[in-house]
1. Consider B:Val443 carefully, then state whether it is in the same structural domain as B:Gly275 (by TED's automatic domain parsing), buried (at least 24 other Cβ atoms within 10 Å of the Cβ) and over 23 Å from B:Glu324 (Cβ atoms).
2. Being on the phi < 0 side of the Ramachandran plot, polar (S, T, N, Q), open to solvent by less than 50 Å² (accessible area, probe 1.4 Å) and not assigned by TED's automatic domain parsing to the domain that holds B:Lys256 narrows it down to one of B:Thr327, B:Thr418, B:Thr374, so name that one.
3. Give the residues of the range B:119-171 that are in contact with a Leu (Cβ under 8 Å, 6 or more places away or on another chain) and of a type outside the set (D, E, K, R), sorted by residue number.
4. Those residues that are within 14 Å of chain A (Cβ to nearest Cβ), modelled with pLDDT of 50 or more and either farther than 14 Å from B:Pro129 by Cα or crowded, with 21+ Cβ neighbours inside 10 Å (or both), I need them from the range B:40-95; list them, please.
5. Take B:Ser294 and tell me if it is in a loop (DSSP other than H, G, I, E, B) and either within 14 Å of chain A (Cβ to nearest Cβ) or surrounded by fewer than 18 Cβ atoms within 10 Å (Cβ to Cβ) (or both).
6. Of the residues that sit in the range A:122-134 and are facing chain B (nearest Cβ under 9 Å) and not hydrophobic (A, V, I, L, M, F, W, C), which one is most open to solvent (accessible area, probe 1.4 Å)?
7. With the condition being at pLDDT 90 or above, I'd like the helices (runs of 4 or more DSSP H) fully within the range A:62-179 carrying at least 1 qualifying residues.
Amino acid sequence: MNKKSGVTRKQEVWGWAFLAPATILIFVMSFWPMIQAFIMSLKKGPAANMVWQEPLFKNYTRILQDKTFLTSMGNTFLYLIIEVPIMLILAILLAQILNNRDLKFRGGFRTMVFMPCAVSLVSYALIFKSLFATQGLINSALMHLHIISENINWLGTTGTARAVIIMGLIWRWTGYNMVFYLAGLQNIEYSVYEAAKIDGANGWKTFWGITVPLLRPVIVMTFIMSINGTLQLFDESVNLTNGGPSNSTITMSHYIWNQSLGVGVAKFGYASALAFVVFIMVGILAFINLKVGDTRD
Amino acid sequence: MKKKLLSLLLVSAMAVSVFAGCGGGSGSSDTSDTGAAEESADAGEEAEAPAAEAEEETVNLGGTSSDPNTLTVAAWDANFNIPALQAAEKAFQASNPDFKLEIKEVSASSDVENAVTLAGSSGDMSQLPDIVLFQDHYIQNYVKNYPDCWQSLEDSGIDWNDFGAEKLSYSTIDGAHYGAPVDNGTSVFAYRVDILEECGYTIDDVTGITWDRWLEIGREVKEKTGKALMSMDHNGDDLPYMMMQAEGQSQWKDGKPNIAGNDTYKQIINVIVTGAQDGVILLCNDWTEYTDTSIIGDQVAGVFNGNWIIPTIEQNEAASGKWEITTVPTLSGSEGYAANGGSSLYITGNCEKADLAKQFLAYTFGGGDGAMATYDDALRNGGVITTCVSASKSDVYQEGVGFFNDQAIYSKIVDMGTHVPTIEQNDYHYDMRELVGNAITNVINGGDIDSELENAQSELEFRMEE
C-alpha cells in the first residue's frame, strides 16, 4: 500500500518535471504577453509613456463607433463565409480522389496539390498581384483570347479585388487541408468500404455514410483552424491590395497593424483592444464549432 | 467536457498570442502558436493557423560604433540618398582624414520608421545608429512622442537662412531645428514636349494655366495619342496635398482637418475625379504600377510629383531629350509651387558623439565648407537636389540636362523651391491621405462628393481623438 503510493508519487514528480519547462515557456512567451496586451488595451498615448484611458474601457467602447474596423470586420467575415466552405469541400474531394488505390502517380499528384503550402505567403501574394495587375498576365491573356476588350482593373475594383483574394486563399490553403483529410482517410479501414460495396452502397452514399462521419474530428479541426486563420488574415490584404480600393478588402488584422505600426500615428492601446475583440470572436466561433462537431456528450 | 474546455483554451491561446505579439509591437510568437495548435489538433499533425505566419521582421539598424571617429547612419536608397551620404563622407574627410561614415542600408524608408517607432516605444535605443534619415512628415510626431530619441541641432552652427523655408518647417519644433536637410522635395510638373507638340501645344501652353484648361488639353492629348497627361499612385495619393499647397492652402486648419465644406478643396477633388473619369489622370493601384507601368512603361505624357521622381522618369531612355519641367497649374491660373516628400538627417538619442555628428552635418549638408563638394557629388551620383541656396550656385547646378531637352532643371528646381508656400502640417498626414484617397475612389464610383468629404472629415476626427 505504502509502496504503491510512493511509486505513484514518484511518477507524478517526474511527470511534472517533464511538463514544467514547456509549461513555463508557454506561460512566459504566450500567456504573459496576453496579460500585458490586455493591460495595454486599457491605456492610451505614445507607447513609451502610456497613461490609463478615461473611462477605463474607452478603447473598447470606441470600437463600436469605428467605421473602418466595422468595414474590416465585414470584409473578414465575407472571406470566411465564402472561402472556408469552398476550400474545405474542395479539399475533401481532392483527398477522396487521391486516396484511391488504383490511381497512378498518386504521390506526384499529392505533392502537386500540397505544393502551394510551401510557398511563402508574401511571395504568393506578390505573384498574384503581378498576375492580376492592370497590365498583368491575366489581362493580356484574356485580351489575346478576345474574351475582354479592355484591361480589367482587377485589384482596383471592389468585387474583383475580393474575388482575387479569395482565389488566392483557396489556391494556397486547399492542399494544406487536404493533407489532414488524407491522413484521416488512411485511418479508415479499407474493409469498411468493401463491406459497404457488398451492401450495394454507391459512391455518394459511401461518402456521406462512412467518410464524413468517420472524418468528423478532422473536419471539426480543419474548420476551427480555417476560421481562426481567416479571422487573422493579414498577408493577402497587405500585399495584394493594401486594403484598397477604399478599404473594401482590408482585414481586421491589417487594420490592427495599421493602428500600431502601419502608416499614421501609432495607437498601441487601441490596437490591443481591437486584438482582444478579435480574440473573443475566435473563441466564440471555436466554441460553437466544438459544440456542433462533438457528439460524444 | 474538461477536454473540450482545454482545447477551447488552447485554440484561443493560439489566436491571441498572435495578436498579443502585434499589439505589443514585437513580432508574433511563432513557436508558441504551433505548440498550442498542435495540442488542439486531435490528429496530432503539425498544425499552423494560416495567419500565424504573419510576422513582420524588424530591421536592426546596427547601433553605434565604438570607434571615436566613426559615425553610423541608416538610409535606404542605393541610387539616391546613399550616394549623397558617401559624397558627404568624402567631403568631410578632406578636413578630418580619420573620419569614417558607416552606412547601414535598409530596403525602404519604412524600415527606418518602424525601427524608430519600436525604439521609441520600448525606450531601448541601443539599435539606433548615430544618425538616421527618414521622411520629413514623421519628425513632428516623433519628437512629440519620443522626445528622448532626438538631439536638436541648435548649437551646430548651421546657417538656417540658407535653406528653403518650407523644407525647414517640417523639422523645426517649437523653434528648435532638429533635421539637417538632404534632398529637396519641390514638386515638378514634367511634360513630354514631343507629345504636346503633336497636339499643337508647347511647354508654355501648360505653364500658368487653370486646372480646367489643363483638363481640356489632357482630353485632347488622350484622344490624339492615347496617353494620360498625369498618373499617380492612388494607394498613397499625394495629389490633393500638392494641389492644395499650390493654392497656398493646407488640408489642415488649427490642428483640425479642413476638408468638409472647404470650397477650394472640393474644386480640387473635382479636378482629380473628372481627370480620372476622362482618362486624363491615370490612378494606379500601387507604387510599382505608378513608376514601372505608367511612367517607365510610357503611358503618360506628364508626371507631377516631388523632384525625386526624376530618376524614375530617366529610366525610360527612349524618351531622352523629350521631357521638360515647369510649374503646377492652379485653380486661378497663376503658376503654382508645391513640394512632396523629401527627407532629412536626424541625430538620435543613442549618439554619444553628438559634437562630431553636428560638425559633420554642419560641414557637409548644412551649407558649411564642404557643402558644395557634397551636393555636387550627391547630384552627380544620386540625383539628389539640395535646398541649400548657396550650394546651388555651383557650376554643376547651372548645366543643362540632356534628358530634359538641355533645360537647366536643377537650378530651376532650387529656385522653384524658394517659392513653395509653407503650409500647416499635421501628425495625421498619412491618415488624411488614406481617407481622402478612399473618398476620391468612392466619388469616382458614383458617390456624392459633399457627403464623401464629410465622411472623411468625421472619420479623421474620430481617429485623432484618443
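1. On the way: in the same structural domain as B:Gly275 (by TED's automatic domain parsing): yes; buried (at least 24 other Cβ atoms within 10 Å of the Cβ): no; over 23 Å from B:Glu324 (Cβ atoms): yes.
Spelling it out, it is not the case that B:Val443 is in the same structural domain as B:Gly275 (by TED's automatic domain parsing), buried (at least 24 other Cβ atoms within 10 Å of the Cβ) and over 23 Å from B:Glu324 (Cβ atoms).
2. B:Thr374
3. Scanning the range B:119-171 gives B:Ala119, B:Gln127, B:Leu128, B:Pro129, B:Ile131, B:Val132, B:Leu133, B:Cys149, B:Leu153, B:Ser156, B:Ile158, B:Trp160.
4. Pass one, the range B:40-95, residues within 14 Å of chain A (Cβ to nearest Cβ): B:40-59.
Remaining after also requiring modelled with pLDDT of 50 or more: B:58-59.
Result: B:Thr58, single match.
5. For B:Ser294, the condition - in a loop (DSSP other than H, G, I, E, B) and either within 14 Å of chain A (Cβ to nearest Cβ) or surrounded by fewer than 18 Cβ atoms within 10 Å (Cβ to Cβ) (or both) - is not met.
6. Going through the qualifying residues, I end up with A:Ser130.
7. Filter on the range A:62-179 gives A:67-98, A:121-131, A:137-144.
Matching residues to (1) over 26 Å from B:Glu459 (Cα atoms); (2) in contact (Cβ under 8 Å) with a residue 40 or more places away in the chain; (3) part of a strand (DSSP E or B); (4) within 20 Å of the chain's Cα centre (by Cα):
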position	(1), (2), (3), (4)
B:Asp183	yes, yes, no, yes
B:Glu197	yes, no, no, no
B:Asp205	yes, no, no, no
B:Leu215	yes, yes, no, no
B:Pro240	no, yes, no, yes
B:Val271	no, yes, no, no
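The values are calculated or read from the model by the stated rules, or taken from the named source; none is laboratory data. Note that this is a predicted model, so its numbers are computed, not measured. Cβ atoms come from the backbone with ideal geometry, glycine included; neighbour counts cover every protein chain shown. Heavy atoms of the whole protein, side chains included, go into the accessibility calculation; ligands, DNA and RNA do not. Shrake-Rupley method; radii C 1.70, N 1.55, O 1.52, S 1.80 Å.
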